[in-house]
1. Check the range 376-384 and report whether any residue there is acidic (Asp, Glu) and surrounded by fewer than 18 Cβ atoms within 10 Å (Cβ to Cβ).
2. Quick one: would you say residue 123 is over 17 Å from residue 211 (Cα atoms) and surrounded by 24 or more Cβ atoms within 10 Å (Cβ to Cβ)?
3. Tell me the residue from 115, 124 that is touching a residue at least 40 places away in the same chain (Cβ under 8 Å), in contact with a Gly (Cβ under 8 Å, 6 or more places away or on another chain) and under 30 Å from residue 199 (Cα atoms), please.
4. Could you list, in sequence order, the residues of the range 127-161 that are among the hydrophobic types (A, V, I, L, M, F, W, C) and either within 26 Å of residue 84 (Cα to Cα) or in contact with a strand residue (DSSP E or B) (Cβ under 8 Å, 6 or more places away or on another chain) (or both)?
5. Kindly list, by first and then second residue, each pair from a residue in the range 306-324 that is among the hydrophobic types (A, V, I, L, M, F, W, C) to a residue that is surrounded by fewer than 17 Cβ atoms within 10 Å (Cβ to Cβ) and modelled with pLDDT of 85 or more, limited to pairs with Cβ atoms under 9 Å and residues at least 6 apart or on different chains.
6. Looking at (1) in contact (Cβ under 8 Å) with a residue 24 or more places away in the chain; (2) touching a helix residue (DSSP H, G or I) at 6+ places or on another chain (Cβ under 6 Å); (3) buried (at least 16 other Cβ atoms within 10 Å of the Cβ), which one does residue 447 not meet, given that it meets all the others?
7. Can you tell me how many residues in the range 122-167 are under 29 Å from the mean Cα position of the chain (by Cα), of a type outside the set (A, V, I, L, M, F, W, C) and in a loop (DSSP other than H, G, I, E, B)?
8. Kindly indicate which of 626, 620, 556 is under 27 Å from residue 218 (Cα atoms), at pLDDT 95 or above and buried (at least 19 other Cβ atoms within 10 Å of the Cβ).
Amino acid sequence: MLVEAGHFALALALGLSLIQFIVPLWGARANDPVLMAVAPTSALAVLACIGFSFVALTFAYLNSDFSVLNVVQNSHSAKPLIYKISGVWGNHEGSMLLWVLILALFGGVVALARNTVPLRLQANTLAVQASITIAFLLFILTTSNPFTRVIPAPLEGQDLNPLLQDPGLAIHPPLLYIGYVGFSISFAFACAALIDGRIDAVWARIVRPWTLGAWAFLTLGIAMGSYWAYYELGWGGWWFWDPVENASLMPWLAGTALMHSTVVMEKRDALKVWTILLAILTFSLSLLGTFLVRSGVLTSVHSFAVDPERGTFILGILILFIGGSLALFAWRAPMLKQGGLFAPVSREGALVLNNLFLASACATVFIGTLYPLALEVLTGDKISVGAPFFNFTFLPLIIPLLLLLPLGQTLAWKRGNFLGTAQRLYTVFAIALLATLAMLAFQHGGPVAAPLGVGLGVYLVLGSLNEIVTRSWSEGTPLSVAWRKARGLPRSAWGTAIAHAGVGLTVIGIAATAWGVEAIGSLKPGGRLAAGDYEVRLERVTPRVEANYREDVALLTVIGSGRELGTIETMKRLYVTRGMPTTEAGIMTIGLGQVYASVGEIQADGSIGMRLYYKPLVLLIWIGSLVMAAGGALSLTDRRLRIGAPARAKIVPPTAVPAE
C-alpha cells in the first residue's frame, strides 16, 4: 500500500502544482493579496507530497520490495545498506524523483521566506517554479514512473550498476542536483521580474544568496564527481572532457558569471538586461545537462540508458522553458531602464570583463560538446572532440581571467586607478615570479607551462589574501589594530577572498599534474615497479568473497627514500549478479601527492598487470574546490545578504485624551 500511496502523492503534487501555478499569477495580475498568499501554502503542500513519495520509494528499497520494477532493476537483497539507500537515485526514475524533490524543496524555502521576499515577487516566482514542477511531474508520471509494479514479483533483484556501488553515489548526485536545481530559483526570480516589469538593486540582493548557494553546491558536486571518477574508474585522471562532465561545467561557468553580475547590479543598479539573461541561460544549461544524460544521445559512463520517448519529452521541456523564457526576455528586456554608470577601469568594469571571459569560455565548451551531436544528426558523420580542442580554446580564455582576478578585486568601485592597484600587488607579483623560477629550477621534465601554472596559482592565492591585508593594515598600524579591522570586514569580503584563493589552489594542483609519473608492468609476488621517487612491491594476490561480489586483492608495499611507507590494496572485482568486472584503485596519500596503483588481469604465468602513478600535489585540485565552496558558504552568512521585504506601515490612531 505504501508504494501506491507514494504514486498517488505524486499525482496529488501535480494537482497542487497546477494550483500553485494558476492562482498566484491571477492574484498578482489582480493585485489580490489573498490569491497571492496561496503560493507559499501550495508550495509547502507540494513539498510534503513529493517528500512522502520519495520516502515511500526509499522504504521499497530498504525492504527489498521486488514487486516494484525499479527496485528489481537496481537492487539486490545482498547489497549493503548504504547502497540500498543511494540506489534510490542511482537510476533514471529515482534520480528524477530526487530532482523534483529538490525542486520542491527550493520552492518550499522560498515559501517560508515571507519576510525576505515581497509578496508579489514571491507569488510570481513560486508560480514559475510550479510550472517547472508540473513539467517534470508529468514526465515522471507518464514516462518514468518509479512505482511501477511487476507481477509476479521475482525472488531477487538485478543489482545496482557496480560502478555506482560506491559512497560517492551517496554524495555526488545530491550535491550536483542541489546546484543544478538551485539555479531554477534564479531563473524563476528572473521570469517573475520580467512578468512584473520591475528589476532593481533590491531584486539583485534577493537573488544573489540563491545564486551563491546553488553555485557552492554545484562546485562541491563537480569536485566530488571528479574525485569519484579519479579513484573509481582506475584511469588515474581527474577530468576527461566527457560530454556529461561538460554539461555540469557549463552551468557552473554561467552561474559564476551570474553571481558576479548580481554584485554589479546590486552596487550600481546596472547590467540589468545581462543579469536577467544570465539567470535564464544558467538554468537552461542545467536543463540541457538533464537532457544529455537522459536522452540517449550520449554514450557515457555518466549517462542513463533510456528510450527515445523520454528524450523527446525532455527535449519538449527544454524547448518550452528555454524558448518561453527567451521570448519573455525579448518582450520585456527593451523596457528595462539602465542603471548607474561606472568607469571602464573600476571594479564594476573588471566584473564585466570577468563576465565576458566566462561567457566565452562557456560558449567554447558548449560548441565542443554539442557540435559532434549536431553534425551526426545532420550528416551522419561521427567525430570526436576531445582534450586538444578544449585545451586550445578554453585555456586562452581562462588564463587572462585568472590574471584579472586579484587586480579586479583590488580596484575601487565606480572609478579605479590601474597603476595604483598594480603597485599594491608588487609584492604578490614578486613572490609569484620567485615561485615560478623555483619550479623551473627544481623540477625536471614536463611542459614549460607547468611552472607558469604554479606561479599563477601562487599569484591568485596571495592576491586574494592581499585584498584582506590592504583593507585592514597600513604601514605603521599595530598588528592588534589590523587584526581588529580584519575581523570587522564584511563576511562577503572574506568569502570572496577565500573563494578566489581556492581557485589558486586548484590551479596549482592542475599545473602539478604535468609532473606526474606513470609506469606499467607485470609483477609476480616479490616483484617491484617504480614511478618517480616511489616504488611498490607486490606481496601477494589473495581471492576474497563479499556479499555481492568476489575479488582478487593485490597487496602492495609502498617504498620511498629507501624505506617502507606502508601498504595499499588494489582489487579486481566481479559483481556476480550482473557479471560485470570493476577495478578498485589502491591509493596512498603522501603530503599533498598520491601514489596510485591500479591492478590488471592475472596472466597465464601467474603474473599480474599493474599500472602505477605518482601524482604530486594532486589533492590541491579538490582541496581548492572545497575552499571555493567554503568561501561561497561564508559569504552567505553575511548579514547584508539578508534583506527584509518592504512592508506597508501601520497607521496607529492617536491616543484619545480624556476631557477635563
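1. Yes, that holds for at least one residue.
2. It is true that residue 123 is over 17 Å from residue 211 (Cα atoms) and surrounded by 24 or more Cβ atoms within 10 Å (Cβ to Cβ).
3. 115
4. 136, 137, 139, 140, 141, 147, 150, 151, 153, 155, 160 - these are the residues of the range 127-161 that are among the hydrophobic types (A, V, I, L, M, F, W, C) and either within 26 Å of residue 84 (Cα to Cα) or in contact with a strand residue (DSSP E or B) (Cβ under 8 Å, 6 or more places away or on another chain) (or both).
5. 313/138; 313/142; 317/138
6. (3)
7. The total comes to 7.
8. 620
The values are calculated or read from the model by the stated rules, or taken from the named source; none is laboratory data. Note that the structure is a prediction, hence the values are computed from the model and not measured. So basically every Cβ, Gly included, is an ideal-geometry build from the backbone, and we count neighbours across all protein chains shown.
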